[in-house]
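Enquirer: First, the structure itself, so that you have it in front of you.
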Amino acid sequence: MDEKLVRAMGDLDEEGVLSSVEAMLSAGTEPLHIVELCREGFEIVGKRYETREYFLSGLIISDDIFENVLGLLDRSGCFQAVEEEKLGKVILGAPLGDVHDIGKGLVSQLLRYSGYEVIDLGVNVRPAGFVEAAAESGATVVGISTLITVAYESLRETVLGFQHEGLRESVKIMLGGGAVSQRVCEYAGADAWSRDAADAVKFTKAFIGKE
Ligand code: B12
């Protein structure tokens with residue numbers, strides 16, 4: 001079943017993807033596992049784009065298909081919102097030069113459902129945009145989602161921006177998205193990185209120190 005979903009996503013077979021997701025939900029599969037399989041499918045799409053088997057339209061179609069997967073997950077009520085006191089504020093955004101926002105959206109949902117207030121700055125956010133938002137809101141955690149390599153420089157500039165404003169000690173910065181790695185984290189001078197949306201919640205809990 002897992003392989004079928006990954007393959008259908010890679011093949012841009014919307015019907016195949018949605019029927020697999022429906023079957024998995026009925027069988028009680030963890031929604032985050034479904035998301036992870038879709039992410040693997042997206043990787044196939046990305047590779048086919050690199051080898052010119054797919055074009056930009058292929059990337060756009062994969063996004064559309066995933067929107068429908070999210071619709072199914074939402075309707076099944078598996079992402080349950082928690083109504084409780086906000087545990088802290090987290091700023092999220094994609095850096096300057098990057099318009100990918102699917103992973104960021106997932107991270108945002110998970111953080112919200114874990115009781116954190118999310119200030120989502122959207123995509124293509126200037127370094128100063130992150131710094132200003134943290135200064136204005138008092139948020140102490142910033143998450144930056146990066147899918148393309150051209151955005152590495154703006155990651156570094158964002159971290160430097162916090163330093164210049166004297167906020168680096170009070171704000172923790174986590175990176176995520178397909179283009180990040182330990183080396184990128186070190187280059188940018190961030191505090192943590194992961195390619196797993198659930199880690200955004202783990203990091204935030206550790207940074208803010210509340211459960
Ligand atoms: C869908 C897609 C698009 C869609 C995006 C739609 C949208 N609303 O986001 C569209 C069509 C807009 C698009 C555009 C482009 N794309 Co594109 N796209 C993809 C694709 C196929 C999937 C991306 C995706 O959403 N994956 C699924 C999500 C769930 O994964 P994720 O973001 O990594 O998130 C997970 C984790 O990383 C983590 N996470 C995410 N954020 C965070 C944050 C924190 C703090 C933490 C802890 C965790 C975390 O949680 C998520 C769940 O586990 C990838 C291929 C790939 N391998 O990823 C290419 C890819 C990213 N795109 C690529 C390219 C080249 C482009 C374009 C330049 C194409 C063009 N010629 O115009 C433009 C970029 C424009 C720009 N300036 O940004 C390249 C980038 C190559 C590179 N080295 O830089 C890729 C890798 C394809 C490839 N292999 O060539 N794209």
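Enquirer: Only one of 122, 115, 93 is surrounded by 14 or more Cβ atoms within 10 Å (Cβ to Cβ), within 30 Å of residue 10 (Cα to Cα) and among the small types (Gly, Ala, Ser). Can you tell me which?
Expert: The unique qualifying residue is 93.
Enquirer: Please name all residue pairs, on different chains or six or more residues apart, with Cβ atoms under 8 Å, provided the first residue is in the stretch 56-74 and is farther than 10 Å from residue 12 by Cβ and the second residue is loosely packed, with under 14 Cβ neighbours inside 10 Å.
Expert: 72/22
Enquirer: Still on this model: Go through (1) within 30 Å of residue 127 (Cα to Cα); (2) away from the ligand (no atom under 15 Å from the Cβ) one by one and return the number of the condition residue 16 breaks.
Expert: For residue 16, the exception is condition (1).
Enquirer: Return the pairs, sorted by first residue and then second, in which the second residue is modelled with pLDDT under 95, the first residue lies in the stretch 163-189 and is under 16 Å from residue 98 (Cα atoms), the beta carbons are less than 6 Å apart, and the residues are 6+ apart or on different chains.
Expert: Close Cβ pairs (under 6 Å, with a partner that is modelled with pLDDT under 95) amount to 177/103.
Enquirer: Scan the stretch 155-197 for residues that are closer than 18 Å to residue 128 by Cα and within 11 Å of the ligand (Cβ to nearest atom) and report the count.
Expert: Residues flagged as closer than 18 Å to residue 128 by Cα and within 11 Å of the ligand (Cβ to nearest atom) within the stretch 155-197 amount to 5.
The values are calculated or read from the model by the stated rules, or taken from the named source; none is laboratory data. Note that the structure is predicted; figures quoted are calculated from it, not measured. Cβ sites come from the backbone with ideal geometry, for glycine too, and all protein chains shown count toward neighbours.
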